[in-house]
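Any read-out appearing in this document is the output of simple, stated calculations on the displayed coordinates, not a laboratory observation. This one's a predicted model, so the numbers in the text were calculated from it and none came from an experiment. Here the Cβ is made from the backbone with ideal geometry for all residues, glycine too, and neighbour counts use every protein chain on show.
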Ligand code: AOF
Ligand code: ZN
């Protein structure tokens, strides 16, 4: 029904509020609508992943939940975790009907939530707004099915696809508006990832600034030999609230690992592949630690290795109106492709002007 889809869109928008702050849990949205068509409760998954969206919406509604329809962007849970199952909470609150967008792939739930509701005599409509929910929950779904977080690769490029001049000058190719949108994108991911070359060249902080964000994404550097200068802005700002993780290979010197650890960084050993850390193994390791959404900001070598291993799910490309030429540094490192048919392909999701620049977002085909 059209009305169902409209309310589900409200729930999806609510769920988007938690993105980047609920890992390892999905960021779910829930809206409770009375038979008269009035919103009586709204909720979304809280930072750290709990309370769940339904619990927040039921709390807000109180007795007004009785007879309401619950719109939820993911199947209500059926397991006894840190709190009781949301399906049970919806049943005891007297909700008259449940509309959900997707089945929860978590083996503790996967259909049992819907079944519990139906067994209690509550009609359930599934699959409403499924396409958008699949996009919003892509990190949670990818971790559940492939054991790895989803990856957005961000590129800030000249019109001719360069990210720096031959001398390495790259600040700034895109304008302040694009950088601000970039910060908002960081905030909607669980972690920001860069390669060692970018960490050395830029000495970045990688925090989200100017957006009133209370929980910072995890900052991750992929540095096979752990050849990073310390102290750095990253090590200076590392704390339990704003963690910094370093993924390194087996040939990273023990004294570098010890120093990084002493500075409060978390060192994660990752198997190597041809020419660097194995991107698939690295993402599996990060998935095992609970991450569902990663925002990779380069550099070119890391971007190319993620693309080559088919681990880039989304591209966010900012293009600035300037050209550097072939002596500038390419936005992506070598990918060793022989045939065009082997190139990873993406489908355009949207393309919008941002200040003087252009942002295009692409999803892997
Ligand atoms: C919901 N509503 O808002 C979320 C759900 O560790 P727990 O007990 O918090 O459970 C985590 C699981 O609950 C997670 O893997 C996913 O299946 C579900 N997340 N479910 O009903 C929510 N965030
Ligand atoms: Zn729940």
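The alpha carbon centroids of region 23-65 and region 320-349 are separated by 43 Å.
Contact order for region 71-166, expressed relative to its length and based on alpha carbon pairs under 8 Å spaced 6+ residues apart, stands at 25 percent. The C-alpha atoms of the chain define a longest principal axis, and helix 279-288 lies at about 40 degrees to it.
Mean separation of Cα pairs under 8 Å and 6 or more residues apart, divided by the residue count, gives region 267-365 a relative contact order of 27 percent.
Of the candidates 350, 186, 50, which one comes out as most mobile in a Gaussian network treatment of the chain with C-alpha springs shorter than 10 Å? Taking springs between Cα atoms under 10 Å, the residue moving most is 350. In the chain, the alpha-carbon atoms span a convex hull of 148 Å³ per residue. Between residue 340 and residue 172, the modelled labels are 3.7 nm apart [label points 7 Å from Cα along Cα→Cβ]. Over all Cα pairs of region 262-347, how is the pair count split among 5 Å bins, expressed in % and running from 0 up to the last occupied bin? Per 5 Å bin, starting at zero, the Cα-Cα P(r) for region 262-347 comes out as 3, 11, 19, 22, 19, 13, 7, 5, 1, 0 percent. Comparing 203, 160, 342 in a Gaussian network model of the chain where C-alpha atoms under 10 Å apart are linked, the largest mean-square fluctuation is found at 342. In terms of surrounding Cβ atoms within a 10 Å radius of their Cβ, 347, 146, 297 rank from fewest to most as 347, 146, 297.
Among 245, 23, 172, determine the one that fluctuates most according to a GNM of the chain built with springs between C-alpha atoms less than 10 Å apart. Judging by the Gaussian network model, the answer is 172.
Across the alpha-carbon set of region 1-65, the Rg to Rh ratio works out to 1.01, Rh being the Kirkwood radius.
Each of residue 241 and residue 134 was given a label point 7 Å from its Cα along the Cα-to-Cβ line. The distance between the two points is 4.0 nm. If the chain linking residue 352 and residue 60 were pulled fully straight, counting 0.36 nm for each residue of separation and taking away their Cα-Cα distance, it would gain 101.5 nm. Residue ranges 318-324, 357-363 sort as 357-363, 318-324 when ordered by packing (mean number of other C-beta atoms within 10 Å per residue, highest first). Taking the fewest neighbouring Cβ atoms within 10 Å as the starting point, the ordered list for 116, 1 is 1, 116. Pairwise Cα distances in region 2-139 exceed 27 Å for 7 percent of all pairs. Take every Cα pair under 8 Å whose residues are at least 6 apart in sequence, average their separation, divide by the length of the chain, and the relative contact order is 16 percent. Among 190, 202, 327, the ranking by other beta carbons within 10 Å of each residue's beta carbon, starting with the fewest, stands as 327, 202, 190. Whole-percent P(r), region 264-305, all Cα pairs, 10 Å bins from 0: 25, 55, 20. Computed per residue of the chain from DSSP H runs no shorter than four, each worth -39500 (n - 2.57), the mean residue ellipticity at 222 nm is -8000 deg cm²/dmol.
A straight chain from residue 209 to residue 272 at 0.36 nm per residue would run longer than the Cα-Cα distance by 19.3 nm.
The fraction of Cα-Cα pairs per 10 angstrom bin, counted from 0 for region 208-353, comes to 9, 33, 36, 19, 3 percent, rounded to whole percents.
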